[in-house]
Amino acid sequence: MYGVGGYSEICYEQIVNNVIIDGKELASFLLQLGMTKEIYGFDGILGVDFMERTGMIIDFKNFIIKYG
């Protein structure tokens with residue numbers, strides 16, 4: 001897993017049958033599980049793969065998230 005600063009982190013990969021985030025359900029979705037809370041202070045990262053599959057649009061001008 002490459003994330004903050006581009007460093008490689010130890011993680012586990014697992015395909016989950018169904019995952020629901022913000023009311024969006026995805027079947028057969030690859031998760032990378034690693035330590036982020038202690039090191040970086042957040043619970044997780046939603047990547048571009050999630051954004052593409054859900055049609056997520058980030059409106060930086062208005063600081064809102066929409067779905068297309």
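Contact map, the stretch 22-39: first residue free of Cβ contacts under 8 Å to residues at least 40 places away in the same chain and small (Gly, Ala, Ser), second residue part of a loop (DSSP other than H, G, I, E, B) and open to solvent by 90 Å² or more (accessible area, probe 1.4 Å), Cβ cut-off under 7 Å, separation 6 or more or different chains; pairs are Gly34/Ile10. Among residues of the stretch 40-68 that are at pLDDT below 95 and exposed (fewer than 10 other Cβ atoms within 10 Å of the Cβ), those with a beta-carbon under 7 Å from a residue that is of a type outside the set (Asp, Glu) and assigned to a loop (DSSP other than H, G, I, E, B) at least six positions away or on a different chain give the pairs Phe42/Thr36; Asp43/Thr36; Gly68/Gly55.
The values are calculated or read from the model by the stated rules, or taken from the named source; none is laboratory data. Computed from a predicted model, the values in this text were never measured in an experiment. Neighbour counts run over all protein chains shown; Cβ positions are idealised from the backbone, glycine included. Side chains are part of the model used for accessible areas, which takes the heavy atoms of the whole protein and leaves out ligands, DNA and RNA. Shrake-Rupley method; radii C 1.70, N 1.55, O 1.52, S 1.80 Å.
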